[in-house]
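So the structure is just underneath, and the comments pick up after that.
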Ligand code: PRX
């Protein structure tokens, strides 16, 4: 039986069972819903010990044929992308599937003219404008590997990402509109490119009409090139396991990890989960508020929705501009039916009171989604009461950049929802909990470290240029199992509740921030000797960053705190700024010199009674001192 659309709890149970009993049959049935140039020879080959994972080996396809061309006969005039600009007075743009086809082909032809070939890496550093989605698809059309860098990252962070994968071209814009601000993106790119030898061409979208500087021989405005490019482009025939994109995510240590996603499995899984989690139907208007710079935007603004022939809203702005009613105004204006956002946005909007949700007609909404971090009960209830008016199912979707698609979530209106629980695994997903000794917990009701025992089609296949790190990060903590880095609770019925990261990654406003690179940035300040960062609970952001900083000398002043945050903004981006900085005379360390972040975390969260035994520390006295000096 083909389970591409699961419509009842019974069907979910059946599909789940089949997917575990015979994954190859299950996924090959699902895969028949797509357009293939050549069918696969084998559905799955894998070995987690290397690790090597291949789905639909031998198959050939182009993902843009699946996301665009195959819809043209029936959906040529249907809106594919609905662009809502930052400024509510600027008209929205409805880009039909036919127009999307033409624009993607034109952009693909421009890239070809610039010498781009299959396998080349192209960096996209753009605001949330249609050109970003179009550039993604244009790369996929010709087999180039896109590497989207979130346009809030600094020049230093951008340069590191460009250099890691040796991008030859950067597509960017003169600037970006964000609320009442304009951001000079081109200036950031110019600064980054001083450090990037691999980039030979910069293609520029004119978004804010500023007089940005142009480097002759390197920078070129995109529009004139697009205007003269052909509106058809023969799609490159890709192998199932050819890389589709690289997307960088923070690790608990070291440089950002360029997660590599490949073509066929990613397509099948992002499309399948989009259809089922949101229970997408033909006439839906779907809006995911994430930025395309994150995995949520890749899988659930671009690829998943378009593979299903959906209308996907792309919003350039922010929830607070021109006022806190902006999200709800957009829902009303475009009669949005499926709405997907992050707990941090829900909490920020809830704080503004219900006047904003009441001002607009939200009756078009059918399903609400949440992603990025655990959703607390209060935020869940507010979302349910004031946005969904207690009549829309809420899907709390747990997944990661590495997983490519949603792994644990209810299916809207089909399987049971439980506030604060992501609930049940998708078909094909085999989660398990590990105890402190690294043994799988065999009973249902338990708490442990969340792992996945079996591959799914959209699991990242490697870290760009560093397969060893891929293996060490995800496959060595437990044998033959993917380790997620998250802790989870499981109830007696097998529902999962994600409790948060168990490593040195802090999720701030739904953004995954590794503490190590931020500490490195702080330590570059000439007055700083050492620093350690931990997360602590924050009303709106979920978590915020608390920095313990020791100085080489001199005084820890308010001005110095500002300088430290300015340095973080410069090296990483404003999203990584610290909410609290405490100057300390030392940091608690083990006898081998490792900073005990566990203790600092307890201090930051005021759990001073739960510090545990500190007598084995190298410098136990420093703990008392830090506690007494905490404000
Ligand atoms: O800790 C989990 C949290 O976000 C991490 C993944 O971050 P990133 O790779 O940036 O991807 C975010 C968007 C998919 C996870 O390890 N997380 C994500 N979704 C949830 C969540 N925590 C709890 N509940 C969720 N629904």
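Any residue at all in the stretch 432-447 that's out of contact with any helix residue (DSSP H, G or I) (no Cβ under 8 Å at 6 or more places or on another chain) and within 28 Å of residue 245 (Cα to Cα)?
Among the residues of the stretch 432-447, not one is out of contact with any helix residue (DSSP H, G or I) (no Cβ under 8 Å at 6 or more places or on another chain) and within 28 Å of residue 245 (Cα to Cα), which makes the answer no.
Listed here are the residues, each with its yes/no results for (1) crowded, with 18+ Cβ neighbours inside 10 Å; (2) within 30 Å of residue 182 (Cα to Cα); (3) in contact (Cβ under 8 Å) with a residue 24 or more places away in the chain.
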site	(1), (2), (3)
30	yes, no, yes
43	yes, no, no
47	no, no, no
92	no, yes, yes
98	no, no, yes
141	yes, no, yes
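Residues 542, 547: which one is in contact (Cβ under 8 Å) with a residue 60 or more places away in the chain and surrounded by 14 or more Cβ atoms within 10 Å (Cβ to Cβ)?
From the options 542, 547, the qualifying one is 542.
Consider residue 339 carefully, then state whether it is surrounded by 24 or more Cβ atoms within 10 Å (Cβ to Cβ), out of contact with any strand residue (DSSP E or B) (no Cβ under 7 Å at 6 or more places or on another chain) and at pLDDT 95 or above.
Spelling it out, it is not the case that residue 339 is surrounded by 24 or more Cβ atoms within 10 Å (Cβ to Cβ), out of contact with any strand residue (DSSP E or B) (no Cβ under 7 Å at 6 or more places or on another chain) and at pLDDT 95 or above.
Tell me which residues, restricted to the stretch 144-159, are assigned to a loop (DSSP other than H, G, I, E, B) and either touching a helix residue (DSSP H, G or I) at 6+ places or on another chain (Cβ under 8 Å) or surrounded by 24 or more Cβ atoms within 10 Å (Cβ to Cβ) (or both).
144, 149, 151, 152, 153, 154
Determine which member of the set 320, 312 is in contact (Cβ under 8 Å) with a residue 24 or more places away in the chain and farther than 26 Å from residue 537 by Cα.
From the options 320, 312, the qualifying one is 312.
Quick one: residue 137 ticks every box in (1) free of Cβ contacts under 8 Å to residues at least 40 places away in the same chain; (2) in contact with a helix residue (DSSP H, G or I) (Cβ under 8 Å, 6 or more places away or on another chain) except a single one, so which number is it?
That leaves (1) as the condition not met.
If residue 380 satisfies every condition in (1) out of contact with any helix residue (DSSP H, G or I) (no Cβ under 6 Å at 6 or more places or on another chain); (2) under 25 Å from residue 293 (Cα atoms); (3) within 12 Å of the ligand (Cβ to nearest atom) but one, which is the exception?
Evaluating residue 380 over (1) out of contact with any helix residue (DSSP H, G or I) (no Cβ under 6 Å at 6 or more places or on another chain); (2) under 25 Å from residue 293 (Cα atoms); (3) within 12 Å of the ligand (Cβ to nearest atom) leaves (2) as the failure.
Search the stretch 427-457 for residues being out of contact with any strand residue (DSSP E or B) (no Cβ under 7 Å at 6 or more places or on another chain) and under 18 Å from residue 277 (Cα atoms), and hand back the single one that is surrounded by the fewest Cβ atoms within 10 Å (Cβ to Cβ).
Only one residue tops the list, namely 428.
For residue 406, indicate whether it is closer than 23 Å to residue 52 by Cβ and in contact with a helix residue (DSSP H, G or I) (Cβ under 8 Å, 6 or more places away or on another chain).
So residue 406 fails the test.
May I ask you to list the residues in the stretch 596-624 that are touching a strand residue (DSSP E or B) at 6+ places or on another chain (Cβ under 7 Å) and surrounded by fewer than 17 Cβ atoms within 10 Å (Cβ to Cβ)?
Matches in the stretch 596-624: 605, 617, 618, 619.
Touching a strand residue (DSSP E or B) at 6+ places or on another chain (Cβ under 6 Å) and either part of a loop (DSSP other than H, G, I, E, B) or surrounded by 22 or more Cβ atoms within 10 Å (Cβ to Cβ) (or both): does that describe residue 162?
yes
From the list 368, 433, 411, exactly one residue is within 16 Å of the ligand (Cβ to nearest atom) and in a loop (DSSP other than H, G, I, E, B). Which is it?
411
Could you grab the pairs with beta carbons closer than 8 Å, sequence gap of 6+ or different chains, first residue in the stretch 266-295 and on the phi > 0 side of the Ramachandran plot, second one within 16 Å of the ligand (Cβ to nearest atom) and part of a loop (DSSP other than H, G, I, E, B)?
Every condition considered, the pairs that remain are 279/411; 279/412.
Please go through the stretch 496-509 and pick out each residue that is outside any strand (DSSP E or B) and surrounded by 21 or more Cβ atoms within 10 Å (Cβ to Cβ).
504
Looking at the stretch 414-430, which of its residues are more than 10 Å from the ligand (Cβ to nearest atom) and either at negative phi or part of a helix (DSSP H, G or I) (or both)?
Once the filter is applied, which keeps residues that are more than 10 Å from the ligand (Cβ to nearest atom) and either at negative phi or part of a helix (DSSP H, G or I) (or both), the stretch 414-430 yields 414, 415, 416, 417, 418, 419, 424, 425, 426, 427, 429, 430.
Testing residue 487 on (1) farther than 28 Å from residue 564 by Cβ; (2) within 16 Å of the ligand (Cβ to nearest atom); (3) in contact with a helix residue (DSSP H, G or I) (Cβ under 9 Å, 6 or more places away or on another chain), one condition comes back false. Which one is that?
Status for residue 487: all satisfied but (3).
Among the candidates 310, 290, which residue alone is within 14 Å of the ligand (Cβ to nearest atom), crowded, with 22+ Cβ neighbours inside 10 Å and at pLDDT 95 or above?
Just one listed residue meets the conditions, 290.
Condition (residue is in a loop (DSSP other than H, G, I, E, B), closer than 20 Å to residue 136 by Cβ, in contact with a strand residue (DSSP E or B) (Cβ under 7 Å, 6 or more places away or on another chain) and modelled with pLDDT of 95 or more) applied to the stretch 186-199: is it met by at least one residue?
Yes, that holds for at least one residue.
Being out of contact with any strand residue (DSSP E or B) (no Cβ under 9 Å at 6 or more places or on another chain) and at pLDDT 95 or above is the filter here, so list the residues in the stretch 200-216 that pass it.
Listed by number, the residues that qualify are 209, 216.
Can you work out which of the residues in the stretch 386-404 that are assigned to a loop (DSSP other than H, G, I, E, B) and more than 9 Å from the ligand (Cβ to nearest atom) is surrounded by the most Cβ atoms within 10 Å (Cβ to Cβ)?
Result: 404.
Can you go through 395, 387, 414 and tell me which one is farther than 25 Å from residue 20 by Cα and at pLDDT 95 or above?
387
The values are calculated or read from the model by the stated rules, or taken from the named source; none is laboratory data. As the structure is a prediction and not an experimental result, all values here were calculated from the model. Ideal geometry is used to build each Cβ from the backbone, glycine not excepted, and the neighbour counts take in all protein chains shown.
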